1. Give all pairs with beta carbons closer than 9 Å in which a residue from region 179-200 that is farther than 24 Å from ARG214 by Cα and without any contact (Cβ under 8 Å) to a residue 12 or more places away in the chain meets a residue that is open to solvent by 70 Å² or more (accessible area, probe 1.4 Å) and of a type in the set (Phe, Trp, Tyr); count only pairs at least 6 apart in sequence or on separate chains.
2. Which residues, taken from region 349-361, are free of Cβ contacts under 8 Å to residues at least 40 places away in the same chain and more than 16 Å from TYR195 (Cβ to Cβ)?
3. How many residues are in a helix (DSSP H, G or I) and under 43 Å from the mean Cα position of the chain (by Cα) when one looks only at region 164-200?
4. In this structure, does ILE524 turn out to be at pLDDT 90 or above, of a type in the set (Val, Ile, Thr) and open to solvent by 40 Å² or more (accessible area, probe 1.4 Å)?
5. Go through the residues of region 306-319 one by one and say whether even a single one is without any contact (Cβ under 8 Å) to a residue 60 or more places away in the chain, on the phi > 0 side of the Ramachandran plot and not in a helix (DSSP H, G or I).
6. ARG507 passes all but one of (1) loosely packed, with under 15 Cβ neighbours inside 10 Å; (2) closer than 23 Å to ILE415 by Cα; which number fails?
7. If the requirement is being modelled with pLDDT of 95 or more and not hydroxyl-bearing (Ser, Thr, Tyr), which of these qualifies: ILE295, ILE311?
8. Assuming GLU530 fulfils every condition listed in (1) assigned to a helix (DSSP H, G or I); (2) in contact (Cβ under 8 Å) with a residue 24 or more places away in the chain apart from one, which condition is it?
Amino acid sequence: MNRKDNIQKMAFLSSYIPRKCGIASFTANLRKSYVSQFPHIESIVVSVNNNEVTENYPEEVRFEIVEQDIESYKSAADFLNFNQVEVLSLQHEFGIFGGTAGSHILEMLSELKIPIVTTLHTVLNNPANDQLNVMRRLSELSTRFVVMTVTGKKFLKEIYNVDENKIDVIPHGIPEMSFIDPNFYKDEFGVEGKYVLLTFGLLSPNKGIENVIRSLPLIIKQFPNVVYIILGATHPNQKRTDGEVYRRSLEKLVNDLNLSENVIFYNRYVETEELKEFLGAADIYITPYLNKTQITSGTLAYAFGSGKAVISTPYWHAEELLACGRGMLVPFNNPDAIAEKVLFLLNNETERHLMRKKAYIIGREMIWPKVAHLYNQSFLKAILSKPVSIINNYKIKSLYEQSRILPLINLDHIIRLTDTTGILQHAKYSIPNFAEGYCLDDNARALMLMVLLENTNTDPDIVKTLIYRYASFINYAFEFTTCRFRNFMRYDRIWAENKGSEDSHGRALWALGTCIGQSANPEIQNWATEIFSNAVAEAEKFASPRAWAFSLLGILEYCKRWDADRAVNQLKDVLENKLLNLYKEIANNKWQWFERYLTYCNAQLSHALIASFQISGNEEKLNAGLNTLKWLCRVQHSSNNNFNPIGNNGFYFDGGKKALYDQQPVEAFATI
């Protein structure tokens with residue numbers, strides 16, 4: 001095969017229509033144009049969903065990725081490798097992909113055996129550490145980069161140290177439009193005989209539309225027949241978090257300034273053909289964004305390429321595209337400057353049409369068919385520099401091997417039970433039961449779980465949020481004056497007691513120790529160390545064997561980080577000996593246990609002695625832990641070998657009968 005001029009199959013990876021997203025529309029337009037220019041090349045789409053609800057995708061979408069499901073990214077890599085795709089066109093923006101700074105996509109790219117051409121819709125000049133790390137890894141995995149501006153190329157070279165020879169500058173594609181008189185379309189929108197200003201795109205507060213509205217009173221003093229059309233639905237992310245607050249604030253501003261005759265809102269997402277009609281009717285297009293950090297604007301590209309006179313704030317894309325008299329720039333947050341430029345263009349028709357003509361001529365190089373050819377050249381360069389690795393003997397997991405893979409962790413119920421105070425104690429079925437309030441025990445267990453999930457594929461943003469939520473509850477539960485925790489809190493945030501149980505104190509120590517020994521978050525480590533250091537000495541005063549065990553497990557976690565803490569090590573020895581001595585005192589041939597009864601979290605007592613062996617090396621304590629655990633496992637199995645833990649409705653006393661009811665999931669966890 002001659003790789004220079006013959007691609008058989010390629011793929012696009014992006015959000016995709018019908019999702020209402022600028023990058024989804026961009027990718028659909030690019031693919032449509034690519035197919036029309038290269039009909040012999042099979043092109044498929046891997047789409048990224050922003051939730052688990054499947055979109056009504058067109059037939060070219062062959063595989064779906066769930067944004068926060070890292071396993072689906074890995075499956076997508078397998079899909080592309082097995083389907084002999086020769087090159088991948090990745091449309092990248094941090095907010096599309098799951099994980100910290102969109103890091104889930106890196107898992108997929110690292111598994112691919114094909115060249116990757118990454119189009120960057122955002123190039124930051126001051127990235128956060130997480131974003132910088134993702135970009136560095138993306139640079140390692142991408143065969144080539146595509147940026148839409150010279151400024152983007154400059155940033156890649158200077159900030160991210162990308163070799164300029166692997167960067168292609170390809171403009172944002174635009175639809176083909178004729179250079180026509182705006183009056184041709186105005187009657188369709190009921191604005192015939194008026195000057196039309198236009199802004200379009202998904203609405204969000206960073207768009208600065210309020211500054212155009214504030215400029216209108218000055219404009220209509222000279223041109224009362226000016227109409228400002230604001231076209232676009234509210235951005236889905238903005239609507240999800242704040243509803244229509246921004247749009248309503250714009251509407252209020254219009255009313256306050258008595259501009260209801262001069263401003264028209266079209267609250268909808270429009271497709272390309274209808275958008276062309278809106279653009280056709282516009283005399284002046286305005287992008288009043290509030291800051292410089294926009295490397296690419298599809299709305300600006302569309303308006304400019306269709307031959308509009310454009311006024312814009314000087315964000316990066318606008319500075320580059322509108323240079324040399326191709327448009328007009330105004331300072332950020334300056335309605336008076338916007339009014340001045342609008343009035344200049346309306347008073348100088350010749351200048352306005354000259355500006356339109358310059359933009360239209362340059363725009364002919366931005367139409368989608370030409371952009372498709374430029375992308376194809378980039379794809380061919382990528383294939384030449386990194387030939388496709390054909391998968392011949394790729395090992396597929398057998399059903400037996402697949403059965404060993406753990407299921408994905410589902411946090412839905414934990415999230416449902418958690419509010420801004422902490423995790424609630426109980427639910428009725430799946431409904432949080434406010435009447436039972438909160439307790440330290442459960443928040444401690446929830447904190448331990450989240451710390452353990454830090455090193456898994458679980459969404460790191462959710463995990464981090466929940467860690468701080470549960471840590472806050474534990475922090476509030478601790479009384480520095482008494483060095484004790486409170487346990488039960490009512491739903492109205494009133495403590496139901498002045499001092500909690502010994503067991504809850506021990507479980508809090510276990511959670512704090514887990515934070516210290518296993519969390520990757522230094523803030524959480526430092527906080528936990530402070531509380532732990534003040535609370536741990538109380539454990540020596542306790543009478544509860546479970547409190548000893550929980551405290552001991554917390555100490556063992558603490559020692560992973562601070563193993564030279566003499567006071568804590570001495571307390572560790574004391575608690576180990578308390579458990580060992582209890583075992584020696586109580587255990588006999590028939591009843592191998594620490595107490596004359598089995599109640600709850602029984603296996604945790606054995607666990608504490610077994611775990612302590614890892615530090616102390618004391619085999620007597622190890623044997624006591626193993627013997628009690630083996631005996632407990634026999635007691636907790638029924639005659640048909642099912643796991644049958646002790647029920648809470650009566651427990652199990654030496655010489656009595658085991659309670660059959662009210663077994664709790666915590667028993668399974670403790671035994672495991």
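The values are calculated or read from the model by the stated rules, or taken from the named source; none is laboratory data. Worth saying up front: this structure is predicted, and the values here are computed from it rather than measured. Reconstructed Cβ throughout: ideal geometry from the backbone, glycine too, with neighbour counts over all protein chains shown. Accessible surface areas use protein heavy atoms only, side chains included; no ligands, DNA or RNA. Shrake-Rupley method; radii C 1.70, N 1.55, O 1.52, S 1.80 Å.
1. none
2. Within region 349-361, LEU354, LYS358, ILE361 meet the criteria.
3. Number of matching residues: 7.
4. no
5. No.
6. Failing condition for ARG507: (1).
7. The conditions single out ILE311.
8. (2)
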